[in-house]
Amino acid sequence: MENKNTRLQKTFEEMQREDRKALIAYITAGYPDLQSLSDIVQALEKGGADMVQVGIPFLDPVGDAPIVQVLSKRAVENGFTVEKFFQALKELRMSTTLPLLLRAYYTTIFGYGEDRFVEGCKEASIDGVVVPDLPLEENGALKSKLDTIDVPLIPIVVPAPMERIKAIVESGGGFVYLMMAPGENQRAFVDQLNDFANQIKQITKLPVCLGIELRELAFAKQLINNADSVDGILIGDVLMGTLQKACDNKNPGQLPTEELTQVVEYFSTSMVPRR
Amino acid sequence: MITNEKAKFGEFGGQYVPEAVMQALIELEKEFNKARNDQQFIEEYRYYLHDYDGRPTPLYYAENLTKQLGGAKIYLKREDLNHTGAHKINNTLGQALLAKRMGKKRIIAETGAGQHGVATATVAALFGMECEIFMGAEDVQRQRLNVFRMELLGAKVRSVTSGSSTLKDAVNEAIKDWVEHIDNTFYLIGSAVGPHPYPLMVREFQKIIGEEAREQILQKEGRLPDYVLACVGGGSNAIGIFYPFVKDTQVQLIGVEAAGKGLDTNLHAATFNRGTVGIIHGMKTYLLQSPDGEITEPYSVAAGLDYPGVGPEHSYLKDIGRAKYESATDEEALAAFELLSRVEGIIPALESSHALAYAVKLAPKLGKDKIIVVNLSGRGDKDVQQVAKMKGIEEI
Ligand SMILES: Cc1ncc(COP(=O)(O)O)c(C=O)c1O
């Protein structure tokens, strides 16, 4: 994958030139419906998102944010299927040039069929795949299939012995997702986060992004502006919360595109250069 | 090519879990492997099985039942005589001792109908550990008596409202809690399911059933049985009695799953007879799922059998042809429940009644020289009220 000028690589290079962090906007597909996917992503792009992560709803997640679970349930109740989703993803690909990450549980991928899944990624020209329930021990089969279409499996790391982190990072590509639960002390968390990111950077050239749930706007903003050792931050909870609140309160069919744009702007416009 | 071989039974099992859970599993596997090779640990486990739980459980020749059916000789492995009334305690004692050895002060577990929750709360009380049981909000409502039992034993019952508020959601919440409190918490799984090393560990703590049964039948009959039958929910009582017989290829192993209202309805828990291979709770195994891999709700009159998946070792035994998996309907199980009560004076659990129901079908087809061992996994006291209600008997 090294010599390819992928969208993902280009974006991170651009971030480096501009000396800022990438804003990864994350939403669960199928809520309020699949037809809205392109409009929602356009709203996120307009607000200044650098990448978009689209999640396939899954009803039995271990460790998804409550809002993701709620939207997933609604999506499935509204007739979401993976097949329809890939159709919508192809349309989405035509309406945006941003890197698109696809987040799916291995349970879903296996149920749908690995080969069909990979084919869907290829047709929608996906830029990276995130699979939360597929650790190093089990990722061989999917990874080799994704390799054939040059799509990286994004490695996910948590604080662990360095040896293991190294093996995980080497088994994937694109960038590294760092997962670390913020404790009580938010200020101490920023330091821990920077330390951890720096340790990872000593063993890989891949960018390192923070992939945890950030429910509080102010805390998220504080992280974005102070976690200087990470190259990107995922914003999901607040976006999905906004989407749900608006869709539940307004007459259905009216997407809160402006509100979504504003939430992304809240982060993108305040993003100060590093150091 | 099978990857992660040490964690698998053929292609089944494995560890399909988030990285944060892997950290916990790696620690658990390391400690379990140390413990299972430590004579002192094994002796401690055996001590509690004997003095606290009352093992060995008898292998009882059900002469009346045998005569009534007029065919093969039927023996019952009396797991109903365990403390707390079922085989579940073999496993909770083992895992709680491991937790103690690992220095964990808090035990958490999931429970559906409450049987495993009660068995867990029991050992937590015994070893003086803090205990929290995750239970779907629906089940908390349906199983008030077991909720009270757990509380009486000093456990806290956490009502889970995520997802569909049932067992599978309780599992997800328990895993989440485990990852967040890994320093002091041990997650005690109730059946031979979940990510490696759980299916292996639960089998190791349940294989005492088969070891005893094998020895007992050799003593009584001077030979091995022709059939060993057990009901299959997650598969712990079945793997416990099957495992010591796996190498004895002349012994037919038959698991009996819940056919509920019938295999041709949507109301059953017949994982093998109606399911396909997929991923659930961190393992690859047969399960009831939609074409997109979403888990579908199982059903059985026996709460302990309504699990959408099955332990991975059973999937392996099925695929290599070593074990067969049949099914019994609610109706057949209820008939067996009443039959055993009447002819032997033993009220079996509704779960175990499924294995009995299959024996009722099988025995008359066999000669009187054949021997069937049925694992009577639990007693039916817990089910009496439910059965009375189904028979239209109002308040008891
Ligand atoms: C008496 C009894 N038998 C069987 C089962 C089913 O579990 P397993 O298949 O793990 O033995 C249960 C579960 O609660 C039970 O209580």
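The values are calculated or read from the model by the stated rules, or taken from the named source; none is laboratory data. All values derive from a computational prediction rather than experimental measurement. Quick reminder, even Gly has a Cβ in these numbers, built from the backbone with ideal geometry, and neighbours come from all protein chains shown. The area values use the complete protein model at the heavy-atom level, side chains included, leaving out ligands, DNA and RNA. Shrake-Rupley method; radii C 1.70, N 1.55, O 1.52, S 1.80 Å.
So here's what we get for this one:
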item: J(HN,Hα) series, the stretch B:318-333, from Karplus relation 6.51 cos²θ - 1.76 cosθ + 1.60, nearest Hz, glycine and proline x; result: 5, 5, 8, x, 7, 10, 10, 10, 9, 9, 9, 7, 3, 4, 5, 5
item: Within the stretch B:139-196: Cβ-based charge dipole about Cα centre, in debye rounded to nearest 20 (Lys, Arg +1; Asp, Glu -1); result: 280 debye
item: Extension reserve of the B:ASN266-B:GLN68 stretch, reckoned as 0.36 nm per residue once the Cα distance is removed; result: 67.9 nm
item: Point-charge dipole on Cβ atoms (K/R +1, D/E -1) for the stretch A:120-245, about Cα centre, debye to 20; result: 140 debye
item: Kirkwood Rh, Cα atoms: Rg over Rh of the stretch A:83-175; result: 0.98
item: Quotient of Cα Rg and 2.2 N^0.38 Å for the stretch A:154-204, N being how many residues it contains; result: 1.15
item: Loop trypsin sites (Lys or Arg not before Pro), the stretch A:172-218 (other Cβ atoms within 10 Å of the site Cβ: 15 or fewer; DSSP); result: A:LYS205, A:ARG215
item: Longest site-free stretch - chain A; sites: GluC sites (Glu not before Pro), DSSP loop, at most 10 other Cβ within 10 Å; result: A:3-183
item: Mean projected area (nm²) of the alpha-carbon convex hull when the stretch B:315-396 is viewed from all directions; result: 6.8 nm²
item: Pair B:THR161, A:PHE219: separation of 7 Å Cα→Cβ label points (nm); result: 2.1 nm
item: The stretch B:140-194: C-alpha gyration tensor shape, a/c 1.5 cut-off, then a/b vs b/c; result: oblate
item: For B:ARG55, distant residues with modelled amide H under 5 Å away; result: B:HIS50
item: Per-residue average of Cβ from other chains inside 10 Å of B:287-293; result: 6
item: Cβ-derived FRET efficiency at R0 30 Å, B:LEU152 paired with B:GLU338, nearest 0.05; result: 0.50
item: B:GLY260 long-range amide H proximity, modeled H, under 5 Å; result: B:ALA269, B:VAL301, B:ASP330
item: Per-residue [θ]222 nm for chain A (sum of -39500 (n - 2.57) over DSSP H runs n ≥ 4, rounded to 500); result: -15000 deg cm²/dmol
item: Volume in Å³ per residue [convex hull over Cα atoms, computed for the stretch B:18-176]; result: 161 Å³
item: Cα coordinate range in chain A, projected on the principal axes (Å, largest first); result: 48, 41, 34
item: For chain B, built as a Gaussian network whose Cα springs stay under 10 Å, the top-fluctuating residue of B:GLN39, B:GLN386, B:GLN15; result: B:GLN39
item: Column: log10 I(q)/I(0), Debye, Cα scatterers of the stretch A:176-275, q = 0.15 Å⁻¹; result: -0.66
item: Pairwise FRET efficiency - A:ALA160 versus A:ASP115, Cβ, R0 = 22 Å, nearest 0.05; result: 0.10
item: Beta bridge orientation in the protein assembly as shown: antiparallel %, DSSP, nearest 5; result: 20 percent
item: Radius of gyration, Dmax [chain B; alpha carbons; angstrom]; result: 19.6, 58
item: Quarter of Cα convex hull surface for the protein assembly as shown, i.e. mean projection, nm²; result: 30.3 nm²
item: Hz values of 3J(HN,Hα) by residue in the stretch B:66-81 - Karplus curve (6.51, -1.76, 1.60), Gly and Pro given as x; result: 4, 4, 4, 7, x, x, 4, 6, 10, 10, 10, 7, 7, 5, 5, 8
item: Portion, in percent, of the accessible area of the stretch A:1-152 that falls on carbon or sulfur, probe 1.4 Å; result: 46 percent
item: Fraction of antiparallel bridges per DSSP, chain A only, in percent to nearest 5; result: 0 percent
item: Under 5 Å, built H, 5+ apart or other chain: amide partners of A:THR28; result: A:GLY55
item: Cβ-derived FRET efficiency at R0 30 Å, B:ASN37 paired with A:ASN185, nearest 0.05; result: 0.15
item: Candidates per trypsin sites (Lys or Arg not before Pro) in the stretch A:1-93, loop by DSSP, up to 12 other Cβ within 10 Å; result: A:LYS4
item: The stretch B:94-117 versus the stretch B:227-254: alpha-carbon centroid distance in Å; result: 25 Å
item: Average beta-carbon neighbours from other chains, 10 Å sphere, peptide A:127-135; result: 4
item: Three-way shape call for the stretch B:1-97 based on the alpha-carbon gyration tensor, with the a/c threshold at 1.5; result: oblate
item: A:SER38 accessible area, 1.4 Å probe, all protein chains in place, Å² to nearest 10; result: 20 Å²
item: Gap separating the Cα centres of the stretch B:279-327 and the stretch A:121-174, nearest whole Å; result: 28 Å
item: In Hz, Karplus ³J(HN,Hα) per residue of the stretch B:115-125 (6.51, -1.76, 1.60; θ = phi - 60°; x = Gly, Pro); result: 4, 5, x, 5, 5, 6, 4, 4, 6, 5, 5
item: Estimated 222 nm signal from helices in chain B, with DSSP H stretches of n ≥ 4 weighted -39500 (n - 2.57), rounded to 500; result: -12500 deg cm²/dmol
item: Virtual spin-label span in nm between B:HIS50 and B:VAL246, 7 Å along Cα→Cβ; result: 2.7 nm
item: Positive-end residue of B:ALA35, B:GLY70, B:ALA24, charge dipole of chain B with Cβ unit charges; result: B:GLY70
item: Most positive-pole-ward Cα, B:GLY13, A:GLY113, A:PRO152, against dipole of the protein assembly as shown from beta carbon charges; result: B:GLY13
item: Those residues of the stretch B:9-23 for which accessible area with every protein chain present is at least 10 Å² below the isolated value (1.4 Å probe); result: B:GLN15, B:TYR16, B:VAL17, B:PRO18, B:GLU19, B:ALA20, B:MET22, B:GLN23
item: The stretch B:208-304: trypsin sites (Lys or Arg not before Pro) in DSSP loop, at most 14 other beta carbons within 10 Å; result: B:ARG223, B:LYS247
item: Computed magnitude of the charge dipole of the stretch B:334-383 (debye, nearest 20; Cβ of K, R +1, Cβ of D, E -1); result: 240 debye
item: Unit charges at the beta carbon, dipole of chain A: most positive-side option, A:ALA49, A:LEU89, A:LEU136; result: A:ALA49
